[in-house]
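J.: Before anything else, here's the structure in question.
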Amino acid sequence: MHKKFDSGEIEKKWQAIWKESGIYNVGERDRSKPKSYVLVEWPYPSGNLHIGHWYAFAVPDIYARYKRMSGHQVLYPIGFDAFGLPAENAAIKRNLNPKDWTYENMAFMREQLERMGNMFSWDKTTNSTDQDYYKWTQWMFTQFFEKSIAYRGKGIVNWCPGCNTAVANEQVLTDGTCERSGDVIEKREMPQWMMKITDYADRLIDDLDTVAWPDHIKEAQRQWIGRSKGAKINFTLSTGDVVTVFTTRPDTLFGATYLVLAPEHPLLSKSEVRGETSNLADVDAYVKTATQKDEQDRLDATKEKTGVVLSGITATNPASGEQIPVYVADYVLGGYGTGAIMAVPAHDERDYAFATKFGLPIKQVIVPCADDSKNPPRPEFKEVKRDTVIIHLRDKSTGKFALLNWHGTLEGITTAIMGGIENGQTPEEAALAEMNEEAALNRVTIVSKLKWITAAKYCASHKQQNRCAHTYAFLGEVENLNEQGVIPESESAIHTLVWVDEKEVLAKLTPDHQKQVWQMLQKESAITGDGYLINSDEFDGMDSEEAKEKIVAKVGGEMTSTFRLRDWSIGRQRYWGVPIPIVYSPTGEAHIVPKEHLPWVLPEDVDFKPTGVAPLAKSEALKKRTEEIFGSGWTPEVETMDTFVDSSWYFLRYLDNKNEGGLASLEAQKEWMPIDMYFGGAEHTTMHLLYSRFWQKALFDLGLVTESEPYKQRVNHGMILGPDGNKMSKSKGNVVDPDAQVALVGADTVKIYLAFMGPYADSSYPWDFGGIAGVRRFLERVYGLVDHIGDSEPTELTRQLHKTIAKVGTDILEFKYNTAISAMMILVNLAEKGSITKASYELFVRILAPFAPHLTEEIWTQLGHTCSVHTETFPVADMTLAIDETVVIGVQINGKLRGNITIAPDATEGEALNAVQDNPLLQEKLLSGTLKKVIYVPGRILNLLLQ
RNA sequence: GCUGGAGUGGUGGAAUGGUAUACACGUGCGACUCAAAAUCGCAUGCCGCAAGGCUUGAGGGUUCAAGUCCCUCCUCCAGCACCA
């Protein structure tokens, strides 16, 4: 009889043994095994592990352990991201030093992490506040400074009054509040330490194609970076000044009827411009109100447009030569593009709204295609001169014409049908045969079966006509085609035809089919909505895509990209961070602190209460140190770094955490990088994940790292919600304390429960106390199976075991721990009903080991093993033992389920039908009609079609 | 508005186009018990006494067969949003 399942005792015992033996330490790279670098985001030492930490670390531990048991050498490190504001705030509140608070927390949390029972590679740990760590953070900064990747910029910063420091754009939420404190962010103009992440914008987007991340994360980064391809075009003002505008639609240049400058535009303070502006007072007044408006107000797209003209100043449209007015309006943003736009009211909603309000002319230069609802003035199709039409629909990815693609497919089908008819098939037979062709199937849903046959008949009776005409048979009424006359076959003619007739053709289809056709075209062909040019001199009739480059070339503009991404502001006016290793000469010039003086230690003689002035400014020690090293009159930089800098390279330090000569040796990186699997929270998508990719690329360019992309694969986990379905919070009183749960049911149970809630990626689940009790019961039954060990077991159990082994392995790799656990539960339920052999039980214990490391270790030793179960391999399923002798399959009659039969999985159709005859109920139903057709999918279904 | 993703029992969720609702929770009934807890057994999508019928947000389509593929619409979640 097994002992009672005392999870507390078992877990304590094995944790001590594991720690003692160092079973989870990685040590040197063992090249006899493939490597697997599994990373979780290092935690901030806030003082206590919460349930979110468990979800973030304990569940990925299943993955890491599975990899290890599957023969990989796994690096699964953990550390602490220990600089940051909360330490300071807590220290102020409790009158402590932030360092003491942080180190106490780290010691406590490390114990908590050990109680989790993960296979953390503690021998590789590090933390960002360790001088051996931040020495290299500083050194990298100095390298970047010398390459101008880190620079002292001047500009508007996001000031958080709650944190008393500037924060990065990424740390400002969409509602304009600080992601940390929740306070409303203010704009302040001040010098700032910046990282030139914008220089990497293209690579940060393009290299996303090389990583195995979920599409939604990649897409979120792409959107955040926000690349727009377009052109910069210069307009000359009547004052002789030049305004550069950025536009994504240079093809509409002839339609630019005015310019708009952002209120922040530097030209507005130039004396030439001011001298020529006759309504200067109005302009200044507008600029003043516009720039003082709060950000939210200004970004409200729904509000009415405001602006003011620069009287007395005109600009020359470089394409048309027309003199056009210049406005200042706050719908143009100073911080994006060039802060100036050419306004094309005919083809831009915002410009249209502004022009309408200010009575400005609207000049149409593009004839839009049918779905181009965004262009306010939509011409009727009849206005279009047929002979100037080129094409209006374009496939973005292939550059081919959308309708032609589609048209061409139909044309191919037509040809096949014609072939069939020529070979003696009736039109009906030919049409039906072709419809069953796999390649055609996707397309034919738009046209009913009847239409196909009608069209095929038409083809048969009009053999002399060309294929284009036949194709039309599939789109419209046959009579209409006759009116078209002979249709020329050249490509351009097809374009013209499609263009001219599309509307007519669509009109012939039923409304439902019309929609389907249009949807299909949009979806398959990625229609841009562009058109062809009119009112544009020599560009008239040109495709708008082609016209973009040609027009830019004509006016001496430059094709270029603009990004939404701003440079990363990394200076913080707070204490508990990495001091920026810069000193200023007596003349105010910035110099790096050379390597021999690193780490540039954070002084301790500081009153760190936030005042808005950097606390380090008050450090006598830092001042003294600077003068001693660099000379009298030299002053230190007093800002510290954003903690996202610390976390931009921690995964490199893990590899070589004791290296005194560099951040991490290239040899160590070659052994372990890139990170094979990175688990983490969704909140880091456009912050940590973006910053660290940038940091890695910048290091790569300096030859300091071996990879330009750090993370091969990424999975985001969701959040664990309170039992009431809300986010856990003290104020709601719905916080679940993991320590209490562990004390109650054990770490293995908590871990499996978290994994059992549902698929791991991208999902959040409410805590359920009943649910976790169920998991505990499961483990108790697992333990209790010891009493069911016997000399033999039912074949059914052996079969189920091997199915389970296979399923658990594949499910883990797909982060579907829930179904893996479910399969093991099914197995245990089955085993409990009879006996299980020791060998089978051991196989089961080994597949459960990644999920319940303590319990399985305990059972393993009780079964007489002296080695750890965690040094065993993950079993390989013997699929020959997993084959079912018989299966129960459903029997459908005319597609409706009417019963089932029990047959061999590989039974023939005849055997299946015999089984049906043995079933009186089914047999009775079968006799009610004549059997016309039998569809039999072995092991799946038998469908009998009766007359 | 744009871009992604998701809608399945009372709940979390499961289903290579092939018997929808696995597994777990909850609930009900029963066993054990003086009693309760724990544990075990049975039942549990909906309507219906039953036979049977209905059911994966709504509607249509393709298919012998649709939760799954296609189209339209609705709802929810996430990211972006006066980004030229």
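J.: Hey, could you check the stretch A:94-127 for residues that are of a type in the set (Lys, Arg) and free of Cβ contacts under 8 Å to residues at least 24 places away in the same chain and say which is farthest from residue A:574 (Cα to Cα)?
T.: Across the stretch A:94-127, the extreme among qualifying residues is A:110.
J.: From the list A:826, A:789, exactly one residue is closer than 30 Å to residue A:4 by Cβ, more than 13 Å from RNA strand B (Cβ to nearest atom) and surrounded by fewer than 19 Cβ atoms within 10 Å (Cβ to Cβ). Which is it?
T.: Matching residue, one of A:826, A:789: A:789.
J.: Only one of A:849, A:877 is modelled with pLDDT of 90 or more, of a type in the set (Gly, Ala, Ser) and either under 30 Å from residue A:938 (Cα atoms) or within 16 Å of RNA strand B (Cβ to nearest atom) (or both). Can you tell me which?
T.: Of A:849, A:877, the one residue that is modelled with pLDDT of 90 or more, of a type in the set (Gly, Ala, Ser) and either under 30 Å from residue A:938 (Cα atoms) or within 16 Å of RNA strand B (Cβ to nearest atom) (or both) is A:877.
J.: Checking residue A:263 against (1) within 24 Å of residue A:157 (Cα to Cα); (2) modelled with pLDDT under 90; (3) in a loop (DSSP other than H, G, I, E, B), which single condition isn't satisfied?
T.: Going through (1) within 24 Å of residue A:157 (Cα to Cα); (2) modelled with pLDDT under 90; (3) in a loop (DSSP other than H, G, I, E, B) one by one, residue A:263 breaks only (2).
J.: Across the stretch A:303-318, what is the total count of residues that are within 8 Å of RNA strand B (Cβ to nearest atom) and either modelled with pLDDT under 85 or crowded, with 23+ Cβ neighbours inside 10 Å (or both)?
T.: 2
J.: Something else: Failed condition for residue A:700, given (1) more than 16 Å from RNA strand B (Cβ to nearest atom); (2) assigned to a loop (DSSP other than H, G, I, E, B); (3) closer than 26 Å to residue A:570 by Cα, with all others met?
T.: Every listed condition holds for residue A:700 apart from (2).
J.: Okay, moving on. Can you give me the number of residues within the stretch A:253-293 that are of a type in the set (S, T, N, Q) and in contact with a helix residue (DSSP H, G or I) (Cβ under 8 Å, 6 or more places away or on another chain)?
T.: Going through the stretch A:253-293 one residue at a time, the tally reaches 2.
J.: Could you run through the stretch A:131-152 and say how many residues are farther than 21 Å from residue A:27 by Cα and either in a loop (DSSP other than H, G, I, E, B) or in contact with a helix residue (DSSP H, G or I) (Cβ under 8 Å, 6 or more places away or on another chain) (or both)?
T.: 13
J.: Same structure, new question: If you go through the stretch A:771-786, how many residues are in contact with a Ser or Thr (Cβ under 8 Å, 6 or more places away or on another chain), of a type in the set (A, V, I, L, M) and within 8 Å of RNA strand B (Cβ to nearest atom)?
T.: Number satisfying all stated conditions: 1.
J.: Among the listed residues A:242, A:273, A:260, identify the single one that is touching a strand residue (DSSP E or B) at 6+ places or on another chain (Cβ under 8 Å) and without any contact (Cβ under 8 Å) to a residue 12 or more places away in the chain.
T.: A:242
J.: Here's a follow-up. What about residue A:768, is it near RNA strand B (Cβ under 10 Å from one of its atoms), at positive phi and in contact (Cβ under 8 Å) with a residue 24 or more places away in the chain?
T.: no
J.: Still on this structure, I have one more. When you scan the stretch A:613-626, do you find a residue that is in a loop (DSSP other than H, G, I, E, B) and crowded, with 21+ Cβ neighbours inside 10 Å, even just one?
T.: Looking for residues that are in a loop (DSSP other than H, G, I, E, B) and crowded, with 21+ Cβ neighbours inside 10 Å, one finds at least one in the stretch A:613-626, hence yes.
J.: What are the residues in the stretch A:829-843 that are under 24 Å from residue A:771 (Cα atoms) and more than 10 Å from RNA strand B (Cβ to nearest atom), if any?
T.: Scanning the stretch A:829-843 gives a single hit, A:831.
J.: Given the conditions (1) exposed (fewer than 13 other Cβ atoms within 10 Å of the Cβ); (2) in a loop (DSSP other than H, G, I, E, B), and given that residue A:905 satisfies all but one, which numbered condition is not satisfied?
T.: Here residue A:905 clears every test but (1).
J.: Test of understanding: among A:667, A:671, A:683, which residue is part of a helix (DSSP H, G or I) and within 15 Å of RNA strand B (Cβ to nearest atom)?
T.: Step by step, each of A:667, A:671, A:683 is checked, and only A:683 is part of a helix (DSSP H, G or I) and within 15 Å of RNA strand B (Cβ to nearest atom).
J.: While we're here: Just give me the residues in the stretch A:341-369 being within 12 Å of RNA strand B (Cβ to nearest atom), surrounded by fewer than 21 Cβ atoms within 10 Å (Cβ to Cβ) and aliphatic (A, V, I, L, M), in sequence order.
T.: A:353
J.: Scan the stretch A:832-841 and give yes if some residue there is acidic (Asp, Glu) and either part of a loop (DSSP other than H, G, I, E, B) or closer than 25 Å to residue A:58 by Cβ (or both), otherwise no.
T.: No - not one qualifying residue is present in the stretch A:832-841.
J.: Kindly evaluate residue A:52 against the criterion of being surrounded by fewer than 22 Cβ atoms within 10 Å (Cβ to Cβ), of a type outside the set (A, V, I, L, M) and within 21 Å of residue A:109 (Cβ to Cβ).
T.: Spelling it out, residue A:52 is indeed surrounded by fewer than 22 Cβ atoms within 10 Å (Cβ to Cβ), of a type outside the set (A, V, I, L, M) and within 21 Å of residue A:109 (Cβ to Cβ).
J.: Then there's this: Going by the conditions given, is residue A:321 within 23 Å of residue A:559 (Cβ to Cβ), surrounded by fewer than 19 Cβ atoms within 10 Å (Cβ to Cβ) and modelled with pLDDT of 90 or more?
T.: So residue A:321 fits the description; yes.
J.: Looking only at residues that are surrounded by 19 or more Cβ atoms within 10 Å (Cβ to Cβ) and of a type in the set (D, E, K, R) in the stretch A:78-99, which one is nearest to residue A:43 (Cα to Cα)?
T.: Among those residues, the one meeting the criterion is A:81.
J.: For the stretch A:227-262, how many residues are of a type outside the set (Ser, Thr, Tyr), within 13 Å of RNA strand B (Cβ to nearest atom) and under 26 Å from residue A:201 (Cβ atoms)?
T.: Going through the stretch A:227-262 one residue at a time, the tally reaches 16.
Table: residues versus (1) away from RNA strand B (no atom under 14 Å from the Cβ); (2) touching a residue at least 12 places away in the same chain (Cβ under 8 Å); (3) in contact with a Cys (Cβ under 6 Å, 6 or more places away or on another chain).
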site: A:147; (1), (2), (3): yes, yes, no
site: A:150; (1), (2), (3): yes, yes, no
site: A:156; (1), (2), (3): no, yes, no
site: A:166; (1), (2), (3): yes, yes, no
site: A:177; (1), (2), (3): no, no, no
site: A:182; (1), (2), (3): yes, yes, no
site: A:202; (1), (2), (3): yes, yes, no
site: A:220; (1), (2), (3): no, yes, no
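Residue by residue, here is whether (1) more than 28 Å from residue A:199 (Cα to Cα); (2) of a type in the set (Ser, Thr, Tyr); (3) buried (at least 17 other Cβ atoms within 10 Å of the Cβ) holds:
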{"position": "A:575", "(1), (2), (3)": "yes, yes, yes"}
{"position": "A:589", "(1), (2), (3)": "no, no, no"}
{"position": "A:595", "(1), (2), (3)": "no, no, no"}
{"position": "A:601", "(1), (2), (3)": "yes, no, no"}
{"position": "A:611", "(1), (2), (3)": "yes, yes, no"}
{"position": "A:631", "(1), (2), (3)": "yes, no, no"}
{"position": "A:646", "(1), (2), (3)": "no, no, yes"}
{"position": "A:661", "(1), (2), (3)": "yes, no, no"}
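J.: I need the full set of residues from the stretch A:98-152 which are under 30 Å from residue A:588 (Cβ atoms), out of contact with any Leu (no Cβ under 6 Å at 6 or more places or on another chain) and of a type in the set (Phe, Trp, Tyr), in order please.
T.: A:134, A:141, A:144, A:145, A:151
J.: Of A:821, A:812, A:805, A:836, which residue is more than 41 Å from the chain's Cα centre (by Cα) and among the aliphatic types (A, V, I, L, M)?
T.: A:836
J.: Could you list, in sequence order, all residues of the stretch A:705-750 that are polar (S, T, N, Q) and more than 19 Å from the chain's Cα centre (by Cα)?
T.: Residues satisfying the conditions are A:706, A:726, A:729, A:731, A:734, A:741, A:749.
J.: From the list A:690, A:652, pick out the single residue that is touching a residue at least 24 places away in the same chain (Cβ under 8 Å), within 22 Å of residue A:131 (Cβ to Cβ) and in a helix (DSSP H, G or I).
T.: Result of the check over A:690, A:652: A:652.
J.: Another question, if that's okay. Scan the stretch A:180-212 for residues that are among the acidic types (Asp, Glu) and in a strand (DSSP E or B) and report the count.
T.: Number of matching residues: 2.
The values are calculated or read from the model by the stated rules, or taken from the named source; none is laboratory data. For clarity, every value in this text was computed on a predicted model and none was experimentally measured. Here the Cβ is made from the backbone with ideal geometry for all residues, glycine too, and neighbour counts use every protein chain on show.
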